[in-house]
Amino acid sequence: MLRGISIALAAMALAAPAAAETPRVTMGMGEQNPGMFDDARFLDTGIRHARLILPYDVVKAGGWQLASADLWLAAARREGIEPLVTFTSRWGNRRRSHLPSVREYSRRFAEFRVRYPWVREFGTWNEANLASTQPTGHHPRRTAAYYRALKRRCKGCTVVAVDLLLTGNWRTWRWIRAFRARAGTRRLIFGLHNYPEVTRLRSQVTREFIRRFPRARVWITETGGIVRHNRWEYNEDRAARVIRHVFRVTNRLRRIERLYLYNWRFDGNRDWDSGLIAADGRERLGYYELLDGLSLARFRPTGPPVSEPIAPPLDG
């Protein structure tokens with residue numbers, strides 16, 4: 001009897017450290033250019049998840065939009081990268097304001113599934129709460145209906161219920177509450193984009209989301225260090241510090257399951273630059289901060305080992 005109790009206690013003692021371990025974070029990279037999959041530096045990171053944003057009606061639209069999607073998804077599949085495809089409004093200034101019906105959204109998704117049946121991870125709508133750029137900005141319940149339609153059409157798929165630009169103002173929280181009321185009571189995956197605070201080296205709004213929604217599954221589906229955007233002047237050092245901050249915050253918040261940085265390489269768009277690699281192929285400081293972050297046990301990918309950073313660390 002006593003021997004049996006001792007054995008049981010010993011087994012519990014051995015199991016305790018494993019149970020107390022911090023959950024691993026699945027690392028991913030957001031990138032619109034399929035050239036990332038031909039870059040040995042990306043493949044050497046061991047990251048095996050990548051995020052692509054596409055119009056919800058990309059298959060019907062055809063043309064260069066569909067050709068671009070074909071190239072990107074074929075390259076990801078060739079390299080064994082798991083794509084997370086997030087849908088958004090129609091591309092083109094005159095069509096961005098179109099809010100599809102649930103029936104239209106469902107049909108367009110069905111067309112996508114026929115063309116790419118091997119894709120199994122989706123996001124319902126990108127930054128759906130952002131009324132200045134998205135037709136869903138004033139329609140959280142319609143967005144929730146899209147999510148339910150997508151789940152019905154793709155049994156067994158992993159679906160990010162919605163991607164949010166996490167601003168922290170009262171409109172954001174109201175939008176989320178309205179969305180959840182229609183989306184259902186199941187544990188939803190929320191994709192957070194927390195640029196507004198991490199760019200200032202803060203984390204309060206991300207923490208507030210986690211506190212307010214204890215049942216939610218939390219992914220950071222887009223974040224990173226902004227090199228240049230609007231009033232943020234060109235500064236590679238600042239962007240690198242932000243990436244370091246992102247890893248620190250994510251490491252402390254145990255409920256974050258995935259982290260997608262955006263993006264791999266600057267594409268020449270002067271309105272937005274968060275590339276880890278410059279347009280001329282040069283590694284920026286943010287690239288070395290990525291490698292440092294991937295060396296931590298919680299973020300280390302299961303793919304090939306990550307190379308050691310060769311750039312000097314930043315001050316501070």
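The amide H of Thr86, built 1.01 Å from its N in the peptide plane, has Leu52, Ile53, Leu54, Gly123 as neighbours under 5 Å, considering only residues 5 or more places off or on other chains. Derived scalar couplings between HN and Hα for the stretch 290-296 equal 4, 4, 4, x, 6, 7, 6 Hz in order, rounded to whole Hz, by the Karplus curve 6.51 cos²θ - 1.76 cosθ + 1.60 (θ = phi - 60°), x for Gly and Pro. The GluC sites (Glu not before Pro) of the stretch 229-299 that DSSP puts in a loop, and whose beta carbon has at most 14 other beta carbons within 10 Å, are Glu233. Springs between alpha-carbon atoms under 10 Å, Gaussian network over the chain: tell me which of Pro83, Pro34, Pro214 tops the mean-square fluctuations. Top of the fluctuation ranking is Pro214. Across every pair of non-identical alpha carbons in the chain, the mean reciprocal distance, once inverted, gives a Kirkwood radius of 20.6 Å. Relative to the globular-protein estimate of 2.2 N^0.38 Å, the Cα radius of gyration of the stretch 167-231 stands at 1.21. Under a 5 Å amide H cut-off, with hydrogens placed 1.01 Å from N, Leu201 pairs with nothing among residues at least 5 apart or on other chains.
Which net charge results when you count Lys and Arg as +1 and Asp and Glu as -1 among the other residues whose beta-carbon is under 15 Å from that of Thr172? Please list the in-between numbers first.
On the way: positive: Arg171, Arg174, Arg177, Arg180, Arg207, Arg211, Arg212; negative: Glu127, Asp163, Glu197, Glu208.
Here the count lands on +3.
Out of Arg241, Arg103, Arg228, any idea which swings most in a Gaussian network model of the chain, alpha carbons joined below 10 Å? Between Arg241, Arg103, Arg228, it is Arg103 that shows the largest mean-square fluctuation.
Which residue fluctuates the most in the chain, going by a Gaussian network model with Cα springs under 10 Å, if the choices are Leu290, Leu71, Leu261? Most flexible of the set in this elastic network: Leu71. For the stretch 134-139, putting each phi into the Karplus relation 6.51 cos²θ - 1.76 cosθ + 1.60 with θ = phi - 60° gives couplings of 10, x, 7, x, 10, 9 Hz, in residue order, rounded to whole numbers and with x for Gly and Pro.
Values quoted throughout were computed directly from the atomic coordinates according to the rules given, and no laboratory measurement underlies them. No experiment lies behind these values; they were computed from the predicted model shown. Backbone-built Cβ (ideal geometry, glycine too); neighbour counts: all protein chains shown.
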